[in-house]
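Bear in mind these aren't lab numbers, they're just calculated from the coordinates by the rules spelled out. Since this is a predicted model, take the numbers as computed values, not measurements. Methodologically, a virtual Cβ is constructed for each residue, glycine included, from the backbone with ideal geometry; neighbour enumeration extends over all protein chains shown.
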Amino acid sequence: MPRLAFALLLLLLAACAPRTRAPELRAAPLEPVAALQFTLVPGQTRILRFDPPGAGAQVELVIAAQARNPNGFGVRLERVAYEVYLAGRSVGQAEVAPERFVAAGGEVPLRFSLTAPLSGDAALLRAVAQAFTGTPLAFRVDGIAVFASPSHAFSSERQTLLTGELRAQDVIVPPRLRLDEGA
């Protein structure tokens, strides 16, 4: 019984002891934080490969961009999760993790790559095939950018990062025909 009384006494003393809590810290940015801005690099944005039905029915593309930091402080671009739309249809999602420092007002190059299946969507297959005859293929990239300063981590809301037109790396040129009346 004395052991039980002693244990209860210790519990009561522990419950009555003053508790120290770490003070709560709240941080508010001194200035508003703006999401990174993305600018298309047209000369490096293109369809790299197209496999027609029977050979895989897929398209491989690369979209080159410059990621610009509009903030008055440098950030580290950690990752961009993105979804690519071709001719208004979602063709795939991917993520790029460049782990690059972007100075205040600075830019860094970024590449969005994707290999997307085309089987089962005749309209999309036709739109991609027409890109090889000179008809541009409209695209859109939606996504979320995650970046950090030395003291805070930030994540943008899902938004349209880039829009533009894709062209095939090698455009198919139809042959020129000439009538030889002598033959």
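What to note about this one:
- Relative contact order computed over region 35-183 (Cα-Cα under 8 Å; 6+ residues apart), in percent: 27 percent
- Protection proxy ranking of 153-159, 44-50, by the mean of other Cβ atoms within 10 Å over each peptide's residues and highest first, is 44-50, 153-159.
- Peptides 94-101, 141-148, 69-76, ordered by how many other C-beta atoms sit within 10 Å of their residues on average, highest first, read 141-148, 69-76, 94-101.
- Local net charge near residue 140, Cβ-Cβ under 12 Å (Lys/Arg +1, Asp/Glu -1): -2
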